[in-house]
Structure formats: C-alpha cells, structure tokens
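Participant: Take a look at this one; I'll ask things after.
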Amino acid sequence: MRVPEMTIGGAAAPAKGTFDVYAPATGEVLARPPECTPDQVEDVMTAMTDAFPGWARADRGPTLLAAADALEARAEEVADVVAQELGAQRAQAAFQVTGLAGFFRYYADLELPREVLKDDGQALVEVVRRPVGPVVAIPPWNGPLYMAGMKVAPALAAGNPVVLKPSPFTPLSSLLVGEILREVFPPGVLNVVSGGASLGGLLTAHPVPRKISFTGSVATGQKVAMAAAADLKRVTLELGGNDAAVLLDDIDVAEVAASLFRAGFHNCGQVCVAPKRVFAPASRYDDLVDALSALARAAKVGGPGEEGVTVGPVQNAAQLAHVEALAADAAAKGAVLSAGGGRVDRPGYFFAPAIVSGAVEGMRVVDEEQFGPLMPVIRYDDLEDAIRRANATPYGLGASAWSADVDRAVAVADRLEAGQVWVNTHFATLGPPQPVVGTKHSGLGVEKGHWGLASFTDVRVRYVTR
C-alpha cells in the first residue's frame with residue numbers, strides 16, 4: 001500500500017522513521033507510515049503560529065466547502081484505505097469519508113451569532129466569539145475520519161489552525177486526507193502527523209496549542225487533561241462509555257433484540273455509544289437471550305470485500321486480547337457465552353460474536369467497556385433496582401430505555417445518568433447538528449452542533465461607548 005507523507009506547513013514532510021500498521025483482517029503488516037520526530041513537531045508549531053492570524057481573519061466558509069469537494073472527488077480512494085486499516089466493509093468505510101466531508105459542509109455554513117447586551121445612546125455592548133488558537137485533534141482508531149471531522153471541521157471553521165494526529169492503529173486514511181487537502185487550505189492551517197503515544201505527549205504538552213480535542217480511553221484522557229492543565233489549555237474529552245439499555249416488561253422481544261444487536265455489534269462492537277449492558281426483566285429474560293443468541297449465531301464474520309459480512313474483525317491485537325480476557329473472566333465466574341465467544345480459526349483479529357447470559361456486576365464484561373463483539377445481558381426483578389444498577393458506573397456517555405409504552409420508557413430514560421439517552425432505539429443520530437456529550441468519566445465538553453463550534457472559541461465582550 002502506498003503511504004502518503006505527513007503534511008506540515010502545507011507541504012509533504014519526509015519520513016525520518018517509520019512504524020508498523022497491521023491489517024485487522026490478516027494480522028500482517030499493512031504499511032509503514034512515518035514517525036513524526038520532535039524536530040518535526042516544532043515545525044508544526046511554527047507553521048500553526050504563522051498561519052493563525054491570517055486564518056482567523058479569513059472568509060473560511062468557501063475553503064471548507066472546497067475541502068468537502070476535494071474529499072468527495074477522491075472518496076473511493078480514501079474509502080479503500082479506511083477499509084483496509086479498519087477492517088471495515090465498503091459501506092462503513094465510505095461513511096467515514098462522507099462523514100468527514102459532511103462535517104466540512106455543515107460547519108462551512110454555521111455561524112455563532114453576536115449577542116447584544118446593550119444598544120442605546122450610551123453604549124453598544126456585545127458578546128462575540130474569537131478563535132481560541134492552535135488546536136491539537138486526536139481522534140480514535142474506531143472511526144478515524146468521522147471522528148476527525150467532529151474535531152477538525154469546527155476547529156477550522158472557528159478560525160483555528162489544527163494539527164491532526166490519528167491513532168497509530170489507523171493513520172493511513174488521515175495521512176491521505178492531509179495530502180488531498182494540502183492545496184485547499186493555506187500553509188499551516190491543517191497539518192497531519194503520525195506516530196505513537198510519545199507523539200501525543202509531545203503535542204499536548206507543547207506551549208503553542210491552546211486547545212486539545214481528544215477521544216479515547218479514560219486513562220489517556222486523564223493524562224491529556226493533566227498535560228493541558230499545566231498550560232491552562234482548553235480541552236474537549238470524549239472518553240468512552242458503558243451504555244446501559246434498560247428493557248421494560250412489555251417489549252416486543254424480537255423487535256428489540258434485532259435493534260439491540262444492530263447497534264451493539266456495529267463496527268464489531270467498537271463504538272463508544274453502543275449498548276454495552278442490557279438490563280432485561282426476569283419475565284422476558286430467557287426469550288431475549290434466545291433471540292439475541294440466534295442473531296449472533298446467524299451473523300457472518302469476515303473481512304473487507306467478503307460477501308454478506310455483518311461483523312468484521314476487532315481492529316487490533318491488543319483490543320482482541322482485551323475482549324478475550326473479558327470473555328474468559330465471565331465464563332470463569334459462571335456466565336454462559338452463546339454463539340461462539342472465542343477467536344475465529346482464520347488469520348486476523350476475528351472473534352465470534354457472543355451474548356453473555358447470567359452476567360452480573362463483578363464480572364469484567366459488565367464493569368468495563370468491552371469495545372468488542374460481546375453483549376452481556378443482566379437479569380433484574382425490580383425496575384427501580386435496574387435503574388440504580390444502570391447508573392452505578394463511572395461512565396455516563398449514552399443510555400436507552402425500551403417499552404411498548406413510550407411514556408413509560410421516557411420516564412425511565414430521564415432517570416438514566418448519561419449525556420445522551422434514547423427511547424426505543426440506541427445509537428441514533430441526526431448527524432452533525434446533534435451534540436455528543438459525556439458525563440462523569442465519559443468526558444468533558446461537547447462535540448458536534450453549534451455547541452461544538454463554540455467550544456473552539458473564547459468569549460469576548462466588546463463595550464463601545466457612544
């Protein structure tokens with residue numbers, strides 16, 4: 001596979017070292033992208049500093065629209081790269097590209113209005129927004145371009161230069177995007193660099209950036225927050241979740257099982273807001289487990305380009321080991337893994353999707369975010385107890401409530417502690433206008449929508465005496 005060079009200051013930056021990226025569908029080395037050096041980090045910071053004044057004053061909307069056009073013109077090429085590095089099917093890979101372009105289009109036309117506090121013969125007092133300054137954007141490996149769009153597009157629209165550092169597991173598509181957009185943005189406005197965890201540390205600790213937008217694990221997010229605190233940088237952190245789906249006793253089991261399975265095993269379960277703990281009433285428990293298990297057994301596991309695949313590979317070896325460890329812990333503690341629940345006998349990072357029945361708190365598969373093709377189903381006898389247990393977690397990203405009576409479901413959903421709650425669905429979105437919010441350990445700040453744009457600005461009060 002051809003590996004694009006990094007983009008620094010509007011130009012290709014030569015590789016001074018490389019690292020290995022593995023194909024999830026084979027386990028073999030897919031490519032060796034460049035490892036950004038400390039000297040090149042300094043080049044990035046100089047480029048962003050030089051670009052900031054002009055970009056902050058520019059008419060940025062047309063440039064963002066041109067970026068969307070450029071991406072769409074080469075969408076097939078970019079999607080091919082996403083499919084290989086993510087292990088995704090074509091439609092899923094294409095969504096990453098169209099999603100990124102869609103964020104550029106959405107934010108190209110979105111403005112934050114000035115707020116007038118006083119306008120009379122004495123004074124004009126307004127609250128206006130100004131760009132915060134250079135931004136470090138660090139998206140996760142499970143959605144390399146879509147999640148980049150959530151960060152890069154509003155940051156650029158607000159007038160900030162950006163350095164995009166993709167995950168070392170999925171850097172190739174972002175490097176290609178940087179190559180495509182070199183001729184679109186002025187030099188230094190959009191920089192794309194690749195490397196491991198040490199690169200993230202260099203970028204987040206550097207004094208030039210004034211904001212960091214990061215999506216990833218709680219442990220890494222805490223390190224990012226500490227690095228930012230030393231220099232009073234602004235942060236937006238989306239740190240994953242352990243979403244609860246609370247089912248009431250009047251559900252249509254077949255319908256709910258199908259919806260939960262689609263949401264829970266999308267992208268091989270590697271979605272922050274996927275349902276990860278299913279609370280089912282005792283009266284419907286066995287039927288639900290049977291229905292979910294049948295769907296898991298019927299799922300076709302496979303890699304990019306294979307026909308009829310519904311569940312792809314886990315993206316990387318470390319995540320596969322995590323999933324295996326959770327499955328082993330559940331089995332050792334008395335849970336039952338239906339429809340497989342182990343590695344598939346073929347090259348690559350494949351794990352047969354499993355429904356975990358008899359799951360209870362104290363099992364890792366319940367207490368930790370699985371981020372893989374495992375779905376624990378937890379029995380409850382009392383709805384109040386289910387709500388309490390659903391909320392008894394440090395996470396607070398998403399949650400859902402399910403009932404044939406919408407009012408009953410809404411009443412439960414409103415008591416679930418999460419940044420977004422769904423009723424009779426899970427993991428549904430309106431796209432760029434709908435914000436993503438994390439509570440508790442699931443993060444700080446807001447992404448998407450006009451709230452996401454505002455997060456890349458500082459408030460300024462303008463008081464004009466007349």
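The values are calculated or read from the model by the stated rules, or taken from the named source; none is laboratory data. It should be emphasised that the depicted structure is a prediction, and the values quoted were computed from it without experimental measurement. Neighbour counts are summed over all protein chains in view; Cβ atoms, including those assigned to glycine, are modelled from backbone coordinates with ideal geometry. Accessible surface is based on the protein model in full, side chains and every heavy atom, while ligands, DNA and RNA are left aside. Shrake-Rupley method; radii C 1.70, N 1.55, O 1.52, S 1.80 Å.
Participant: Probe 1.4 Å, all protein chains in place: accessible area of residue 346 in Å², nearest 10?
Facilitator: 80 Å²
Participant: Same structure again: Check residue 380: other-chain or 5+ apart residues with amide H under 5 Å from its amide H, H built from backbone geometry?
Facilitator: Counting only residues 5 or more places away or on other chains, the set is 280, 282.
Participant: Hey, what did region 212-260 get for relative contact order, percent, Cα under 8 Å, at least 6 apart?
Facilitator: Details: 33 pairs, mean separation 18.9, N = 49.
Computed over region 212-260, the figure is 39 percent.
Participant: How much of the accessible area of region 135-238, in percent, comes from carbon and sulfur atoms when a 1.4 Å probe is used? If you can, show how the numbers build up before the last one.
Facilitator: Working: 1770 of 2700 Å².
Roughly 66 percent of what the probe reaches on region 135-238 is carbon or sulfur.
Participant: So, with +1 on the Cβ of K and R and -1 on the Cβ of D and E, and no other charges, what is the size of the charge dipole of region 309-432 about its Cα centre, to the nearest 20 debye?
Facilitator: Details: 9 positive and 15 negative charges, 81 e Å.
Charge dipole of region 309-432: 380 debye, to the nearest 20.
Participant: Leaving out ligands, DNA and RNA but keeping every protein chain, what accessible area does residue 74 have, in Å² rounded to the nearest 10, with a 1.4 Å probe?
Facilitator: 80 Å²
Participant: What number, rounded to the nearest 500 deg cm²/dmol, is the helix-based mean residue ellipticity at 222 nm of the chain, given -39500 (n - 2.57) per DSSP H run of at least four residues and division by all its residues? All intermediate terms of the calculation are to be shown ahead of the outcome.
Facilitator: On the way: 15 runs with 181 residues, N = 466.
The per-residue figure over the chain is -12000 deg cm²/dmol.
Participant: Helix 218-230 sits at what angle to the longest principal axis of the chain, using alpha carbons and giving 0 to 90 degrees rounded to 10?
Facilitator: Its long axis makes an angle of about 20 degrees.
Participant: What is the helix-to-structure angle for 38-57, meaning the angle in degrees between its Cα long axis and the longest Cα principal axis of the chain, kept from 0 to 90 and rounded to the nearest 10?
Facilitator: Long axis of 38-57 versus the principal axis of the chain: about 70 degrees.
Participant: So, one more: How about region 257-336: which GluC sites (Glu not before Pro) there are in a DSSP loop, with at most 13 other Cβ atoms within 10 Å of their Cβ?
Facilitator: Details: sites: 306, 307, 324; in loops: 306, 307.
Loop-located and lightly packed - 306, 307.
Participant: Just how far, in whole angstrom, is region 225-252 from region 114-147 if you go by their alpha carbon centroids?
Facilitator: If you average the Cα positions of each part, the centres end up 22 Å apart.
Participant: Using r as the Cβ-Cβ distance of residue 384 and residue 425, and R0 as 30 Å, what FRET efficiency do you calculate, to the nearest 0.05? Provide the component values of the computation, followed by the final result.
Facilitator: Details: r = 24 Å, r/R0 = 0.78.
Plugging the Cβ-Cβ distance into 1/(1 + (r/R0)^6) gives 0.80.
Participant: Which peptide among 440-448, 454-462, 146-154 comes first, and what is the full order, when sorted by highest mean count of other Cβ atoms within 10 Å? Mind dumping the intermediate values first?
Facilitator: Details: 440-448: 21.6, 454-462: 15.9, 146-154: 27.3.
Order by mean packing, descending: 146-154, 440-448, 454-462.
Participant: Tell me the per residue accessible area of region 79-220 using a 1.4 Å probe; a whole number in Å² is fine. Write down the numbers at each step before the final one.
Facilitator: Details: 4300 Å² over 142 residues.
Heavy-atom accessible area per residue stands at 30 Å².
Participant: Given H placed on each backbone N at 1.01 Å, which residues far from residue 422 in sequence or on other chains put an amide H within less than 5 Å of it?
Facilitator: For residue 422, whose amide H was placed from the backbone, the distant partners under 5 Å are 399, 400, 401.
Participant: Shifting gears a bit: How would you rank 355-366, 181-192, 281-292, highest first, on the average number of other Cβ atoms within 10 Å across their residues?
Facilitator: On the way: 355-366: 20.7, 181-192: 22.2, 281-292: 18.1.
The densest-packed peptide leads the list: 181-192, 355-366, 281-292.
Participant: Loop-only trypsin sites (Lys or Arg not before Pro) in region 89-150, please: DSSP not H, G, I, E or B, and at most 13 other Cβ atoms within 10 Å. Don't skip to the answer; put the middle values down first.
Facilitator: Details: sites: 90, 105, 114, 118, 129; in loops: 114.
Loop-located and lightly packed - 114.
Participant: Taking loop as defined by DSSP and a crowding limit of 16 other beta carbons within 10 Å, which GluC sites (Glu not before Pro) in region 1-91 fit? Write out the running numbers ahead of the final one.
Facilitator: Values: sites: 5, 28, 35, 42, 72, 76, 77, 85; in loops: 5, 28, 35.
Here the GluC sites (Glu not before Pro) that fit, given the DSSP loop and packing criteria, are 28.
Participant: Let me ask something else. Would you tell me the accessible area of residue 1, worked out with a 1.4 angstrom probe on the heavy atoms of the protein chains, in Å² to the nearest 10?
Facilitator: So the heavy atoms of residue 1 present about 100 Å² to solvent.
Participant: Give the separation of the Cα centroids, region 407-466 to region 263-326, in Å.
Facilitator: Answer, in whole Å: 27.
Participant: With the contact rule set at Cα under 8 Å and sequence spacing of 6 or more, what percent relative contact order holds for region 160-205?
Facilitator: Numbers: 40 pairs, mean separation 24.4, N = 46.
In percent, rounded to a whole number, it is 53.
Participant: Which residues' amide hydrogens lie under 5 Å from the amide hydrogen of residue 18, considering only partners 5 or more residues apart or on another chain, with H built in the peptide plane?
Facilitator: Close amide H contacts, sequence-distant or interchain: 35.
Participant: Follow-up question, since we're still on this one. Taking Cα atoms, how many degrees apart are the long axis of helix 75-86 and the longest axis of the chain, rounded to 10 and kept between 0 and 90?
Facilitator: Taking the Cα atoms of the chain, the angle to 75-86 is about 50 degrees.
Participant: Ok, one more. Remind me, relative contact order of region 41-186 in percent, using alpha carbon pairs under 8 angstrom and six or more residues apart?
Facilitator: Normalised by residue count, the contact order of region 41-186 is 31 percent.
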